[in-house]
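Beneath this line is the structure, given in C-alpha cells, with notes to follow.
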Amino acid sequence: MKIAVLVKQVPSADSRLTLNSANLRLERSLTDPVLNPSDLHAVEAALQISDASDNQTVSISMGPVGVEQSTKRALAMGIDESVHVTDENLHGADIWVTANVLAKAILHCGADLVFAGTKSSDGQSEVVPAYVARLLDWNYVVVSSESELDVILNLKQPSVVVVTKDFNTPRLPNFKGIAAAKNKPVSTLNLADLDLADIAPKTKIISQTSILKENNPEKKSGTPKELAVLLLEQISKWSNVDDTQTHKPEINPASEVKVFTANQKVEAASFAAENKLALITDVGAAENDQFTKEIFDGSVKVVIECKGPSVITIAEVPSSKGIYVCVGGGVTSIDDLRIVAKSMEAEVVGTSAAFDKGHIGVESLVGASGRTISPNIYVGFGVSGAHYHFAGVRKPNYIAAVNKDPEAEIFAFADLAIVGDADEVLAALLQELGK
Ligand SMILES: Cc1cc2nc3c(=O)[nH]c(=O)nc-3n(C[C@H](O)[C@H](O)[C@H](O)COP(=O)(O)OP(=O)(O)OC[C@H]3O[C@@H](n4cnc5c(N)ncnc54)[C@H](O)[C@@H]3O)c2cc1C
C-alpha cells in the first residue's frame, strides 16, 4: 500500500491575509509561509500507519514555486518523498482545478490511501478532500478516533481519509529527521504531466471589499455629559429596531445553480465532482452568476463570478444579538465600564491591549486570536479598530465608538463616532444611569 498525504503551504497564523488589489490573489509578500496546521495531523496519521507496516509515504502539494520549502516539514517528520505540482496556469486555481490536480497527482503517485486535514487555514472551504474522493470514485471518510480508522483500513478499499485535529498529536521533526529530509526525493510535476494542460478555473474573484461597511459618520464631540446622553439615546433607538431581516442571505442565483445548506458541504462536493461542476462554498448572497462570500476569517468580502452551472453551499449566518461593550487599550476605569455594561445588560469583551492591561480574561478576548461575537450593538471604548480585533466581530448591526483620536480607524466603519475621553464618558454615563 502506498499512502499519500495532501499538504498545503499557507500563510502563518500571524500573517495578515489580504488579496492583491491588482490580481485579486493572495498577497504572498505579506505572509510567512508554513505547512497548513491541520495537515500536520494527516501527516502524523500516515506516519503512524507506515511506522507499523513499512508502507511507503508521499506528500502531495500544489502551489507556486517555492512551496516545497514549507512542505519539507512533512519530509522532516518522516514522509518518504514529496511530489509538488506547480504550473503557471495554476494561478487563480479554484476548487475545481485544485481537486482535479490533486486527484490526478494521487493516481500519478500510485497511492491507494490518502490522508488530508480538515481544512486549510487560508481557503477554509473544507470540501477539497470530498471533491477529490468523488472524482476518484473512492471512499470518503472523516475520522476522529483510532477505531474508526481501523474500520477503514480493514475495508482495504482505496479511501480519502480526513483526520480531525483531536485524532493525534503531530510529532515534531527531530534533528535526524531534518537532516534526512535534505536527501529525500522531491519531484515536480506540471499540468501537462498530469494530462491537465487544458484545465481552467470555472470561477473567478472579480472584486473585494472590506467586510465592515465604511460609514465615515459625522464625528460627535461635546462635554462628557452630552456625549453620554447621545450614546444612551442612540443605543436605545438601535435596541428598538427589529433587525431580524438584516442579515438574511439573499440567494437569487441563475437557474443552473444547485444550492446546498451550510451543513451539506460533503454532499455538495460529491454532487459537484460527479457532475464536473464549479463549487463555491459559504455563499452569503447570490445574484445571477455572481456570488458573494467572506474569506480570511470574515475580514474580506469577495464577489466570485461563475458563468456556467455551479453548486453552492450557503454560509452559516450568525444571528446578531445583544449589546457587547468592548474595552480597548484606551480605557483605565474598567470598574466604571463594567457597571455601565451591567446596566445596559451588555456583555463585556475586550481587545488584546485590554487583555495586556489585565482588564479582561482570555475568555473575553475578541479577535483573530480570541473568540468571535455577533452583536446587535457593539460599543467600543478606547478601541482603535485594528483588523485583528474586528476579525472576531461578525455582522454587527450597529457600532458605536468612543475614542479620543478623531482619526482612529474605528470611526471609518462606526455608525456613531464619539470623539472624547473614554474614562470621562464612562463617568458621565454612570451619572446618567444613576449609578
Ligand atoms: C497575529 C495577531 C493576532 C492578533 N489577534 C488579536 C485579537 O484576537 N484580538 C485583538 O483585540 N487584537 C489582536 N491583535 C492585536 C491588534 O492588532 C491590535 O494591536 C489590538 O487589537 C489593539 O487593541 P486596542 O485597539 O484596544 O488598543 P490600542 O492599539 O492601544 O489602541 C487604543 C485606542 O484607544 C484610543 N485611546 C487612548 N486613550 C484613550 C482615552 N483616554 N479615551 C479614548 N480613547 C483613547 C487610542 O486613540 C487608540 O485608538 C493581534 C495582532 C496580531 C499580530
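Taking a straight Cα-Cα cut-off under 12 Å and skipping sequence neighbours fewer than 8 places away in the same chain, the aspartates and glutamates within cross-link reach of LYS258 are GLU267. Would you check the accessible area of ASP198, probe 1.4 Å, heavy atoms only, in square angstrom rounded to 10? Surface accessible to solvent at ASP198 totals approximately 150 Å².
Indicate the helices, whole DSSP H runs only, in the chain that combine a mean Kyte-Doolittle hydropathy of -1.0 or more with a Cα extent along their long axis of 20 angstrom or more. Span-like helices in the chain: 37-53, 95-109, 224-239. Shown are LEU90, LEU433, whose ranking by accessible area with a 1.4 Å probe and every protein chain present, most to least, is LEU433, LEU90.
Computed with a 1.4 Å probe over protein heavy atoms only, the accessible surface of the range 2-194 comes to 45 Å² per residue.
For the range 282-343, a Kirkwood hydrodynamic radius built from all Cα pairs, placed in the Stokes-Einstein relation at 37 °C and 0.692 mPa s, yields a translational diffusion coefficient of 217 µm²/s. Put a plus charge on the Cβ of each Lys and Arg, a minus charge on the Cβ of each Asp and Glu, and nothing anywhere else: the dipole of the chain about its Cα centre is then about 280 debye. Taking the charge dipole of the chain about its Cα centre, with +1 at Lys and Arg Cβ atoms and -1 at Asp and Glu Cβ atoms, the residue from GLN157, VAL58, ASN23 reaching farthest to the positive side is VAL58.
Site-free segments of the chain were taken between GluC sites (Glu not before Pro) in DSSP loops having at most 14 other Cβ atoms within 10 Å, sites themselves excluded; the longest one is 1-213. Only protein heavy atoms count here; on that basis, with a 1.4 Å probe, LYS301 has an accessible area of about 70 Å². Here LYS184 is the anchor, and the aspartates and glutamates within straight C-alpha reach of less than 14 Å, apart from those fewer than 8 places off in the same chain, are GLU68, ASP80, GLU81. Each principal axis of the Cα cloud of the range 382-435 was evaluated for its coordinate range; sorted largest first, these ranges are 34, 22, 17 Å. A convex hull fitted to the Cα coordinates of the range 2-194 yields 114 cubic angstrom per residue. Cβ-Cβ distance of VAL229 and THR209, R₀ of 35 Å, FRET efficiency by 1/(1 + (r/R0)^6): the value works out to about 0.55. With a Förster radius of 22 Å applied to the C-beta separation of PHE175 and ASP32, the computed FRET efficiency comes to 0.45.
Per residue, the convex hull spanned by the Cα atoms of the chain measures out at 154 cubic angstrom. Dipole size of the range 248-314 about its Cα centre, with +1 on Lys/Arg Cβ and -1 on Asp/Glu Cβ: approximately 60 debye, rounded to the nearest 20. Taking the inverse of the mean reciprocal distance over all distinct Cα pairs, the Kirkwood hydrodynamic radius of the range 248-314 comes to 11.8 Å. Remark: for residue pairs LYS182/LYS204; LYS265/LYS357; LYS104/LYS307; LYS237/LYS265, the C-alpha separation exceeds 30 Å in LYS182/LYS204; LYS265/LYS357; LYS237/LYS265.
With all protein chains in place and a 1.4 Å probe, the accessible surface of the range 86-231 carries 52 percent carbon and sulfur.
Counting only Cβ charges, +1 for Lys and Arg and -1 for Asp and Glu, the dipole size of the range 119-198 around its Cα centre is about 480 debye. Ranked by solvent-accessible area (1.4 Å probe, protein heavy atoms only, all chains present), the residues LYS404, LYS276, LYS293 order from largest to smallest as LYS404, LYS276, LYS293.
The values are calculated or read from the model by the stated rules, or taken from the named source; none is laboratory data. Fair warning: this is a prediction, and the values are worked out from it, not measured in the lab. No Cβ is skipped: glycine too gets one built from the backbone with ideal geometry, and neighbour counts run over all protein chains shown. Just the protein is used for accessible areas: all its heavy atoms, side chains included, with ligands, DNA and RNA removed. Shrake-Rupley method; radii C 1.70, N 1.55, O 1.52, S 1.80 Å.
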